[in-house]
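Please find one structure pasted underneath; my questions will follow.
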Amino acid sequence: MQTPSTGLPSLDAGVAQVVPRLQSWSVGAKAATDAEHRTTFLGGCRLYPKAIAWSVIVSFVIIMDGYDKALVNFFFAFPVFRQSYGHPVNPDAPLDQRVYQISSAWQAALINASLVGELIGLFGNGFLTDRIGYRRTTIAALLWLCGSVFLAFFAVNIQMLLAAQILCGIPWGIFQTLAATYAADIMPVTLRAPILANINMFWWVGQLIALAVLRGFIGNSTRWSYRVPFALQWAFALTILSGIIFAPESPWWLIQHEKPEKARESILRLTKWNKDNIRVNETIAMMKHTNEMEKYMSNGRKSYLKCFTGTDLRRTEIACLVWLSQAFSGGGLTAYVAYFNEQVGLSVPNAFNLAMGMSSLGILGCIISWFLLPSIGRRRLYVSGLLATFIILIVGGIVSLLVRSSAQAWVLGSAVLLFTLTYNVTIGPVCYVLVAEVPSTRLRIKTLVLARVAYNVSLLLINTITTKMLNPTAWDWKGKTCFFFIGTNLLCIVWCYFRLPETFGLSYLEIDILFERKAKRGKFRTLQSNLENAGYFNLSRDDGQPNIWIGY
């Protein structure tokens, strides 16, 4: 394939000699790539309203997941739940004066049990989605969850609850990456960031629903106060299932499985184009071109092992460390906000009120990020968020050293709220954008699975340590827990500064080329203006701008 404007070899000229079919797709692929770069945010919304709607429907599994996972964490601050599954810390006191706690070991076990199930579900998702597609995988996971909730609903002891957490964790693990990869597959460049950022917001929506439900049951002293919240999971699952049944399959998945006609049908269901619109053929050509390029680069392999070889190793590293930074930045502490607030001195109702405020701020932060992502780079937002949360953690740690009082408790609670807002304007939503954009399209599912596995394994450590730091029967650090996350946050800042590239405004094919040429971190941003003006298909190594390609 020759560069039309200069007659010089284009970037994929060498590949075109090995994969002749690229030449037949290059004209349409170039037209589709140029069209994506020209499409504005509002233009994308007008062209892809159905894709946005289907992405939101599939992402509802994240709302359900956020609700489900929040229950047990918030139940630790629930007196009736602690009485049913815990033990009295003052057994010699009269019955009506006993204070119950679930030991830090059992707290960690219950939370980590779901993580074990999630690890199984994550790896299962990597195989299932590649083989049977997004729609059928989601349907199977929802049906499994409906069956597993029975064990949680009827649990008479903490051991049964532990088993329920493992079983429920399997579909939760599937949901954690499926929504992001599906959205990344069906969205154009201009809509990718805002739609992927919504996934972070949906976690908070689910958590807010859980808090609102539990807040309404605080005055209920019967076991129904925690069984009804468990039962609501059935309503979530069945409602989502009724929509997923009709969802279109990812056109990228169909192209990778040699089903171009079905991919064409899927594109028509996701856009406002009619079947005679030339944009449909051009989009198919772009997908085929990208798929063949990636097959050539990876020797056709789509295994987990391929994620750790060649240039894909760097992509896996970035996806894993970006997700790990979510947890080690201090985000892992927010999962215990109700329990944290209670342990630093707030009443149970006030602890839940602040937790609900935190979830609302989380949603607000994600909405603010919609307006920042289209104009500010992913890297800049992510690193800025880490720096800001680092400062907030320092303030929280200093306040925790003061004499314990009601004022101190409210200041610490407010610091958590400020942390939450900052985190969800920056770190939370940007993480989902980066981890979905960095992998190749053929290895996206498996790369995200590995990244989420790394995140969940880190949560095993964080959950175990955090419960000990907060629990009065263990280390009883209370607000001093901030100091632990100050150290881990700093490590995240250092890694991001030196290793995190900028993917803002780049198509998947352009990102492929940058990684394949081993572009340095700073080169991603340097090349963006040239890609915006000329596009991948028009740039060559000798286009009169030799400095562009130094280091590639």
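The values are calculated or read from the model by the stated rules, or taken from the named source; none is laboratory data. Since the structure is predicted, the reported quantities are computational estimates derived from the model, not experimental observations. Reconstructed Cβ throughout: ideal geometry from the backbone, glycine too, with neighbour counts over all protein chains shown.
Could you tell me whether any residue of region 277-298 is assigned to a helix (DSSP H, G or I), of a type outside the set (S, T, N, Q) and farther than 26 Å from GLU261 by Cα?
No, region 277-298 contains no residue that is assigned to a helix (DSSP H, G or I), of a type outside the set (S, T, N, Q) and farther than 26 Å from GLU261 by Cα.
Within region 355-378, work out how many residues are surrounded by fewer than 21 Cβ atoms within 10 Å (Cβ to Cβ) and modelled with pLDDT under 85.
Counting residues in region 355-378 that are surrounded by fewer than 21 Cβ atoms within 10 Å (Cβ to Cβ) and modelled with pLDDT under 85 gives 4.
Out of (1) within 24 Å of PHE230 (Cα to Cα); (2) at pLDDT 80 or above, the odd one out for PRO49 is which?
(1)
Can you tell which of LEU191, LEU178, LEU122 is within 26 Å of PHE76 (Cβ to Cβ) and out of contact with any strand residue (DSSP E or B) (no Cβ under 6 Å at 6 or more places or on another chain)? Full working, then the answer.
Working: LEU191 fails: within 26 Å of PHE76 (Cβ to Cβ); LEU178 fails: within 26 Å of PHE76 (Cβ to Cβ).
Unique residue meeting the criteria: LEU122.
Related question: Restricting to region 125-173, give me the number of residues that are in a helix (DSSP H, G or I) and over 20 Å from TRP252 (Cα atoms). I'd like the intermediate steps shown before the answer.
From region 125-173, those in a helix (DSSP H, G or I) are 125-132, 134-153, 158-173; that's our starting set.
Still in the running and over 20 Å from TRP252 (Cα atoms): 140-153, 158-173.
Matching residues across region 125-173 total 30.
Okay, moving on. Just for region 118-135: of the residues that are buried (at least 23 other Cβ atoms within 10 Å of the Cβ) and closer than 20 Å to LEU461 by Cα, which one is modelled with the lowest pLDDT?
In this case the residue turns out to be GLU118.
While we're here: Wholly within region 174-267, which helices (runs of 4 or more DSSP H) include no fewer than the required count, namely at least 1 residues that are at pLDDT 95 or above and over 26 Å from ALA454 (Cβ atoms)?
Working: elements: 189-216, 224-244, 251-256.
Hits in region 174-267: 224-244, 251-256.
Still on this structure, please answer the following. Do any helices (runs of 4 or more DSSP H) lying entirely in region 423-513 carry at least 1 residues that are more than 14 Å from the chain's Cα centre (by Cα) and free of Cβ contacts under 8 Å to residues at least 40 places away in the same chain, and which ones are they?
Values: elements: 427-437, 444-470, 481-499.
Result: 444-470, 481-499.
Okay, moving on. Are there any pairs with C-beta distances below 8 angstrom linking a residue in region 377-402 that is without any contact (Cβ under 8 Å) to a residue 24 or more places away in the chain to a residue that is assigned to a helix (DSSP H, G or I), with the two at least 6 apart or on different chains, and if so which?
VAL395/ALA415; LEU402/GLN408
Table: residues versus (1) aliphatic (A, V, I, L, M); (2) crowded, with 19+ Cβ neighbours inside 10 Å.
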residue	(1), (2)
VAL430	yes, yes
THR447	no, yes
ARG452	no, yes
VAL457	yes, no
ILE462	yes, yes
ASP476	no, no
PHE483	no, no
LEU491	yes, no
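Under 8 Å between Cβ atoms, which residue pairs at least 6 apart in sequence (or on different chains) link something in region 133-153 that is more than 21 Å from ALA113 (Cβ to Cβ) with a partner that is crowded, with 22+ Cβ neighbours inside 10 Å and aromatic (Phe, Trp, Tyr)?
Final answer for the pair search is GLY133/TRP253; TYR134/TYR182; TYR134/TRP253; THR138/PHE175.
While we're looking at this one, here's another question. For residues in region 250-289 being without any contact (Cβ under 8 Å) to a residue 24 or more places away in the chain and among the acidic types (Asp, Glu), which is nearest to GLY28 (Cα to Cα)?
My answer is ASP276.
Check LEU443 against each of (1) surrounded by 20 or more Cβ atoms within 10 Å (Cβ to Cβ); (2) over 22 Å from MET187 (Cβ atoms); (3) modelled with pLDDT of 90 or more; (4) aliphatic (A, V, I, L, M) and name the one condition it does not meet.
(2)
Restricting attention to region 82-94, does a residue exist that is under 22 Å from the mean Cα position of the chain (by Cα) and assigned to a helix (DSSP H, G or I)?
So far as region 82-94 goes, no, none of its residues is under 22 Å from the mean Cα position of the chain (by Cα) and assigned to a helix (DSSP H, G or I).
Just give me the residues in region 86-101 being in contact (Cβ under 8 Å) with a residue 24 or more places away in the chain and either among the charged types (D, E, K, R) or surrounded by 23 or more Cβ atoms within 10 Å (Cβ to Cβ) (or both), in sequence order.
Matches in region 86-101: none.
Sticking with this one: Can you tell me which condition GLY332 does not meet? The list is (1) touching a Lys or Arg at 6+ places or on another chain (Cβ under 8 Å); (2) more than 22 Å from ARG521 (Cβ to Cβ); (3) surrounded by 19 or more Cβ atoms within 10 Å (Cβ to Cβ), and all the others hold.
Condition (1) is where GLY332 drops out.
Specify which of the listed residues (ILE120, ILE57) is in contact with a helix residue (DSSP H, G or I) (Cβ under 9 Å, 6 or more places away or on another chain) and over 30 Å from ALA193 (Cβ atoms).
Matching residue, one of ILE120, ILE57: ILE120.
What are the residues in region 287-322 that are surrounded by 24 or more Cβ atoms within 10 Å (Cβ to Cβ) and in contact with a Gly (Cβ under 9 Å, 6 or more places away or on another chain), if any?
Residue satisfying the conditions is HIS289 alone.
Oh, and also: With the condition kept exactly as written, say whether any residue in region 309-319 is farther than 30 Å from PHE498 by Cα, in contact (Cβ under 8 Å) with a residue 24 or more places away in the chain and part of a helix (DSSP H, G or I).
Scanning region 309-319, I find no residue that is farther than 30 Å from PHE498 by Cα, in contact (Cβ under 8 Å) with a residue 24 or more places away in the chain and part of a helix (DSSP H, G or I), so the answer is no.
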